[in-house]
Amino acid sequence: MDHQAQIATITEALSGDDRIRGLFLSGSHGNGRADAWSDLDFLMVSPEGASDAMAEVFREAVSACGEIVMWRDRIVRPALINAITADWTRFDLVILKPDQLGGQRQEALAPLIDRDGIHGTLAAGPAPQGMSAPRLAYLIDEFIRVLGLLHLVAGRQEYLNGVTGWFLLRGMLIDLMIEETAAPERGGALHVNRLLSEAQQAEVAELDPPQPEMASLVMAHMAMAQAFLPRARALAEARGIHWPEAFEDATWALLERELSVQRPL
């Protein structure tokens, strides 16, 4: 069963239930950017909200598409259900009450069931993209904080944790690069290729993961700092965001004192 057939099956299974006032495609199917690897994201609107009854109705609808081999019911978020069927189709559902739709926009949703004309009441126009100033400031602080934890890795000989920390830093670098590109439609976490330039992708690819030993960890962390900090400083300056000078200076002083690391920038 292809995606369109699965969407039709879900819609038909839910169309007779008047408790469901609206059902919309969201995610890449909702905004028209879906491909063969996209999941099926749905937004359900019901006065009951994310109740057990609504969850069970959706489970029955997904079962009509195939055997459910993974079912995650309101664990990660109180209104979110995730499911995977035996053919590895991924289904996500968010269940909201009518008065919880303030953050939804017309362009991001494709109506499947709309008994009350909900879609026309939603905000029109593209949603604001990019990080807020506090979110970008947090990203910069968090990068410096994780970088500074390299001294703990050395002191405790937690070299595997050091590798984990490096991957955290790489994720922050990718987030920063996406912010640089200012892509109008970000999509989900599995759409990085269209959000980074070829030059950015090449730069990330050249940053080799460290081995779980200290010399390799230091080298890899310094390379990551060289990739992240100058572009973060430039972006912060362009957006009028205060740079955490004292925090960065204290971090480099710590790393020089504890690890004899020279500030590479």
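The values are calculated or read from the model by the stated rules, or taken from the named source; none is laboratory data. In this text, all values refer to a predicted model and were calculated from it rather than measured experimentally. Every residue, glycine among them, receives a Cβ derived from its backbone with ideal geometry; neighbour counts consider all protein chains shown.
Taking the stated definitions as given, is Val69 among the β-branched types (Val, Ile, Thr) and either outside any strand (DSSP E or B) or buried (at least 16 other Cβ atoms within 10 Å of the Cβ) (or both)? Working first, answer last.
Details: among the β-branched types (Val, Ile, Thr): yes; either outside any strand (DSSP E or B) or buried (at least 16 other Cβ atoms within 10 Å of the Cβ) (or both): no.
Criteria not met by Val69.
I need the full set of residues from the range 72-102 which are assigned to a loop (DSSP other than H, G, I, E, B) and under 17 Å from Ile10 (Cα atoms), in order please. Walk me through how you get there before you give the answer.
To start, the set of residues in the range 72-102 that are assigned to a loop (DSSP other than H, G, I, E, B) comprises 74-79, 86-89, 97, 101-102.
Ala86, Asp87, Trp88, Thr89 - these are the residues of the range 72-102 that are assigned to a loop (DSSP other than H, G, I, E, B) and under 17 Å from Ile10 (Cα atoms).
Regarding Ile113, is this residue under 19 Å from Arg19 (Cβ atoms), touching a residue at least 60 places away in the same chain (Cβ under 8 Å), assigned by TED's automatic domain parsing to the domain that holds Gly22 and surrounded by 14 or more Cβ atoms within 10 Å (Cβ to Cβ)?
On the way: under 19 Å from Arg19 (Cβ atoms): yes; touching a residue at least 60 places away in the same chain (Cβ under 8 Å): yes; assigned by TED's automatic domain parsing to the domain that holds Gly22: yes; surrounded by 14 or more Cβ atoms within 10 Å (Cβ to Cβ): yes.
Yes; evaluated as a whole, the condition is true for this residue.
Just to be sure I understand, how many residues within the range 72-96 are surrounded by 15 or more Cβ atoms within 10 Å (Cβ to Cβ) and either at pLDDT below 95 or under 21 Å from Ile20 (Cα atoms) (or both)?
Residues flagged as surrounded by 15 or more Cβ atoms within 10 Å (Cβ to Cβ) and either at pLDDT below 95 or under 21 Å from Ile20 (Cα atoms) (or both) within the range 72-96 amount to 13.
Only residues that are of a type in the set (Gly, Ala, Ser) and part of a loop (DSSP other than H, G, I, E, B): list them for the range 236-256, please.
Within the range 236-256, the subset of a type in the set (Gly, Ala, Ser) is 236, 238, 240, 246, 250, 253.
Residue satisfying the conditions is Gly240 alone.
Have a look at Leu101, Leu149, Leu122 and point out the one that is at pLDDT below 95, at negative phi and over 23 Å from the mean Cα position of the chain (by Cα). Lay out the reasoning, then the answer.
Working: Leu101 fails: over 23 Å from the mean Cα position of the chain (by Cα); Leu149 fails: at pLDDT below 95.
Going through Leu101, Leu149, Leu122 in turn, the sole match is Leu122.
State which residue is farthest from Ala182 (Cα to Cα) when the search covers only the range 208-235 and only residues that are of a type outside the set (S, T, N, Q) and assigned to a loop (DSSP other than H, G, I, E, B). Spell out how you get there, then give the answer.
Let us first name the residues in the range 208-235 that are of a type outside the set (S, T, N, Q), namely 208-210, 212-215, 217-225, 227-235.
Then drop every residue that is not assigned to a loop (DSSP other than H, G, I, E, B), which leaves 208-210, 212-213.
Numbers: Asp208: 26, Pro209: 27, Pro210: 30, Pro212: 35, Glu213: 37 Å.
Taking the candidates together, the pick is Glu213.
Might you let me know whether the range 184-207 holds any residue that is surrounded by 16 or more Cβ atoms within 10 Å (Cβ to Cβ), in the same structural domain as Leu147 (by TED's automatic domain parsing), at pLDDT below 95 and among the acidic types (Asp, Glu)?
Within the range 184-207, one or more residues are surrounded by 16 or more Cβ atoms within 10 Å (Cβ to Cβ), in the same structural domain as Leu147 (by TED's automatic domain parsing), at pLDDT below 95 and among the acidic types (Asp, Glu).
From the list Ala36, Ala55, Ala50, which residue is in a loop (DSSP other than H, G, I, E, B), surrounded by 15 or more Cβ atoms within 10 Å (Cβ to Cβ) and within 26 Å of the chain's Cα centre (by Cα)? It would help to see each step written out before you state the result.
Values: Ala36 fails: surrounded by 15 or more Cβ atoms within 10 Å (Cβ to Cβ); Ala55 fails: in a loop (DSSP other than H, G, I, E, B).
Being in a loop (DSSP other than H, G, I, E, B), surrounded by 15 or more Cβ atoms within 10 Å (Cβ to Cβ) and within 26 Å of the chain's Cα centre (by Cα) holds for just one of Ala36, Ala55, Ala50, which is Ala50.
With the requirement that a residue be surrounded by fewer than 17 Cβ atoms within 10 Å (Cβ to Cβ) and over 15 Å from Pro264 (Cβ atoms), what does the range 226-242 give you?
Ala234, Glu237, Ala238, Arg239, Gly240, His242
Name the residues in the range 136-175 that are part of a helix (DSSP H, G or I) and among the charged types (D, E, K, R), would you? If you could, list the steps in order and put the result at the bottom.
Step one: list which residues in the range 136-175 are part of a helix (DSSP H, G or I), which gives 136-148, 150-156, 159-175.
Correct list: Asp141, Glu142, Arg145, Arg156, Arg170, Asp175.
Taking the range 158-183 as the search range and keeping residues that are free of Cβ contacts under 8 Å to residues at least 24 places away in the same chain and not β-branched (Val, Ile, Thr), which one is surrounded by the fewest Cβ atoms within 10 Å (Cβ to Cβ)? So that I can check it myself, show each step before the final result.
Keep residues of the range 158-183 that are free of Cβ contacts under 8 Å to residues at least 24 places away in the same chain, which gives 158, 161, 164, 168, 171, 178, 181.
Filter again for not β-branched (Val, Ile, Thr), leaving 158, 161, 168, 171.
Working: Glu158: 16, Asn161: 15, Leu168: 15, Gly171: 13.
The qualifying residue surrounded by the fewest Cβ atoms within 10 Å (Cβ to Cβ) is Gly171.
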